[in-house]
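Here is the structure we will look at.
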Amino acid sequence: MKKLFTLSSLVIFFVGDGYAQHDHQHTSEIKCLTQYYYEQAVKENPQVAINRNMLDYEVQRFLEDGGAEKNAGVIKVIPVVFHIIHEGGSENISKAQIQDQINRLNLDFRRLNADAANTPTIFQSTAADPEIEFRLAQLDPGGNCTDGIVRVFSHLTNNARNNVKALSYWPSNKYLNVWVVKSIENTSGQAGVILGFAQFPGGNAATDGIVLRNDFTGAIGTAQSSNYAARTMTHEVGHWLGLRHIWGDGACDTDYVSDTPPAEGPHYGCPSHPYHINQCGAGTSPNGEMFMNYMDYTIGTCQNMFTIGQKGVMTGVLNSSVSGRNNLWTSSNLAATGTDGSVFPPCAPTADFSPDPKYVCAGTSVTFNDFSWNGDPTSWDWQFPGGTPSSSTAQNPTIVYNTPGVYDVTLTASNASGSSTKTITGLVRVSANTGAVNIYPFQEGFESGNFPPADWFVDNESFITNEWELTSLAAHSGANSVYIQNASGNTNGIDNLVTTTYDFSNVTNPQLIFWRAFALSSSSGLPRLRVLVSTSCGNLWQVRYNKSGATLATTASVISSNFIPNASQWDADTLANLTTYSGN
Ligand code: ZN
Ligand code: CA
């Protein structure tokens, strides 16, 4: 490749649908995406709507045949697994917070909630005990010990959608899957005020379950300051058992439940009863709308009831083979999932951990945070090749790395029931204190065929499939460039390409010039390219370039398959804002 650039020539192109760092938006009034996802699923597969219509018919027949009466007094136990998708922060909620959610769910689904007394007198005789109980699984799908909680380290916890479900999933005809995340992407592609979403029975088994924001899961820990009283999950379980919003997701539309009065639309906050008397027409709601129903959008502390009609729908769904809901509470499934009342000893731990920070200068330290799950560990055995000390038995040890390089870390976590070992290769990246490059102009065109070049590295930070790669399919000049395949399966991931270090002690006006090529894909998402500079070997970073979407694109065309840029589809970017690093 010809020497084109004054400091560095970094020639890159990438494709399609990539990571989006979203700005927060609090104007949306949608709090639950269940209906939205249902409509999306129907667009992709009309069978989903057919399944739902058939289930509606089946439930109607069930109720006409006296199904509700036949099921009276039968407590249906549902095995539950929580998948906590976290990146080591407070979203990795405690077992106590999850148990608090289960406890409160069981109060609502047995009408043992203390605020049942707040149900207006006129609606008291309509309120129902759904006779459903939820228990954390004690046996996983392989028959192994579980505390009913799986913890997965993944950046997908931000702006989550259905994409988190493949990270961890148990068969949905045996368990209610609940995924707990940091934030949920709204319909505009932003992290808004979506609190959760469920999937109605009749949808794709692989996505069957409920996604909840961690700070609306239970009412302690990260949810302590919420006024939703753990009722986001009550609401979403209602959907998961076939219930619609009480306004029928249209103005005065029907939820196919006769004892929830028609409502003009969702209610917010907590209105004063009676509210909206006959708002949908004469005689439609003579006692006002039922804003205290769990299937409204009012705050959780305002909600206190399901109706007899809603109980009938949920009972019918639990007696239907659609999505295997009738299998969940069979005695054989309760035995297989350890939710039949059997008492099990604590599980052995599953080792997991993360470094903070993971990029450091030689001679500085990294703290390793233990995220081991399932059984609580009582002892830790860490191995740090290249570190000082090179082993530790502390839970969260701090280790110094004196020599530049890339290092593996191994943890064995144990308790009285057993142990597990996890090794993460190439986890810690230690850079030299003095820049490796001190002759300028310096350029890198990836023409040697060795990738990454010496002292550079690629970091697939999100552990999602695609990462920076060398290619000879396209180049601005020469034969090679580096690219990332984003056209499929890489949404919300963060992928880093980290250069070697540069010595600017004698450089007065450092500049970085690179060529890029990028096309928008036809799928959703806002791919972003950022260039960041660190004077601390990667511990802290400063953003010096940030482009996304159409601004990033070097062609107006939207490409539905792989984008291989031609000679006219490359743009140069010059970072002239690096003067501050002169002398570093
Ligand atoms: Zn909803
Ligand atoms: Ca109704």
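Please go through segment 226-249 and give me each residue that is among the hydroxyl-bearing types (Ser, Thr, Tyr) and under 13 Å from VAL178 (Cβ atoms), ordered by number. Scanning segment 226-249 gives THR232, THR234. Of the numbered criteria (1) within 18 Å of HIS476 (Cα to Cα); (2) at pLDDT below 90, the one LEU512 fails is (2).
LEU112 meets the stated requirement of being hydrophobic (A, V, I, L, M, F, W, C), modelled with pLDDT of 95 or more and in a loop (DSSP other than H, G, I, E, B).
The rows are residues; the columns are (1) hydroxyl-bearing (Ser, Thr, Tyr); (2) assigned to a helix (DSSP H, G or I); (3) touching a Phe, Trp or Tyr at 6+ places or on another chain (Cβ under 8 Å).
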residue: VAL193; (1), (2), (3): no, no, no
residue: VAL211; (1), (2), (3): no, no, yes
residue: ASP215; (1), (2), (3): no, yes, no
residue: SER225; (1), (2), (3): yes, no, no
residue: ALA229; (1), (2), (3): no, no, no
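Give me the residue from segment 285-330 that is among the aromatic types (Phe, Trp, Tyr) and under 17 Å from PRO130 (Cα atoms) and, out of that set, nearest to ligand 1 (Cβ to nearest atom).
The first filter runs over segment 285-330 and keeps only residues among the aromatic types (Phe, Trp, Tyr), leaving 291, 294, 297, 306, 329.
Now restrict to residues that are under 17 Å from PRO130 (Cα atoms): 294, 306, 329.
Details: TYR294: 9, PHE306: 14, TRP329: 23 Å.
Here the answer is TYR294.
For segment 501-517, filtering for residues that are in contact with a strand residue (DSSP E or B) (Cβ under 6 Å, 6 or more places away or on another chain) and buried (at least 19 other Cβ atoms within 10 Å of the Cβ) leaves 7. Look at segment 256-276: where a residue is within 16 Å of THR119 (Cβ to Cβ) and within 16 Å of ligand 1 (Cβ to nearest atom) and a partner is among the aromatic types (Phe, Trp, Tyr) and in a loop (DSSP other than H, G, I, E, B), sitting 6+ places away or on another chain with Cβ atoms under 8 Å, you get HIS267/TYR275; HIS267/PHE291; HIS267/TYR297. Residue check: LEU520 meets all listed conditions (1) modelled with pLDDT under 90; (2) touching a helix residue (DSSP H, G or I) at 6+ places or on another chain (Cβ under 8 Å); (3) assigned to a loop (DSSP other than H, G, I, E, B) but one, namely (3). Scanning segment 529-584 for residues that are within 19 Å of TRP468 (Cα to Cα) and exposed (fewer than 13 other Cβ atoms within 10 Å of the Cβ) yields a single hit, SER561.
Out of all the residues in segment 358-377, which are under 23 Å from VAL152 (Cβ atoms) and loosely packed, with under 15 Cβ neighbours inside 10 Å? Residues satisfying the conditions are THR367, ASN369, ASP376. Where strands (runs of 3 or more DSSP E) sit wholly within segment 308-384, those with at least 1 residues that are among the aliphatic types (A, V, I, L, M) occupy 359-361, 364-370.
Name the one entry in TYR581, TYR545, TYR502, TYR483 that is within 30 Å of ASN162 (Cβ to Cβ) and modelled with pLDDT of 90 or more. None of the other options fit; the residue is TYR483.
Taking segment 267-303, which residues are within 14 Å of ligand 2 (Cβ to nearest atom), within 22 Å of THR217 (Cβ to Cβ) and of a type outside the set (Phe, Trp, Tyr)? Scanning segment 267-303 gives ASN293, MET295, ASP296.
Residues that are assigned to a loop (DSSP other than H, G, I, E, B), over 12 Å from the mean Cα position of the chain (by Cα) and not β-branched (Val, Ile, Thr): does segment 158-165 have at least one? Within segment 158-165, not a single residue is assigned to a loop (DSSP other than H, G, I, E, B), over 12 Å from the mean Cα position of the chain (by Cα) and not β-branched (Val, Ile, Thr).
If you go through segment 168-190 and keep only what is under 20 Å from GLN99 (Cα atoms) and outside any loop (DSSP other than H, G, I, E, B), you end up with LEU176, ASN177, VAL178, TRP179, VAL180, VAL181. Scanning segment 216-233 for residues that are surrounded by fewer than 23 Cβ atoms within 10 Å (Cβ to Cβ) and either free of Cβ contacts under 8 Å to residues at least 40 places away in the same chain or within 12 Å of ligand 1 (Cβ to nearest atom) (or both) yields GLN224, SER225.
Of the residues that make up segment 326-336, is at least one touching a Phe, Trp or Tyr at 6+ places or on another chain (Cβ under 7 Å), polar (S, T, N, Q), surrounded by 16 or more Cβ atoms within 10 Å (Cβ to Cβ) and modelled with pLDDT of 95 or more? No, segment 326-336 contains no residue that is touching a Phe, Trp or Tyr at 6+ places or on another chain (Cβ under 7 Å), polar (S, T, N, Q), surrounded by 16 or more Cβ atoms within 10 Å (Cβ to Cβ) and modelled with pLDDT of 95 or more.
The values are calculated or read from the model by the stated rules, or taken from the named source; none is laboratory data. Because the structure is a prediction, the values reported are computed rather than measured. All Cβ positions, even for glycine, are placed from backbone atoms using ideal geometry, and neighbour counts span all protein chains on display.
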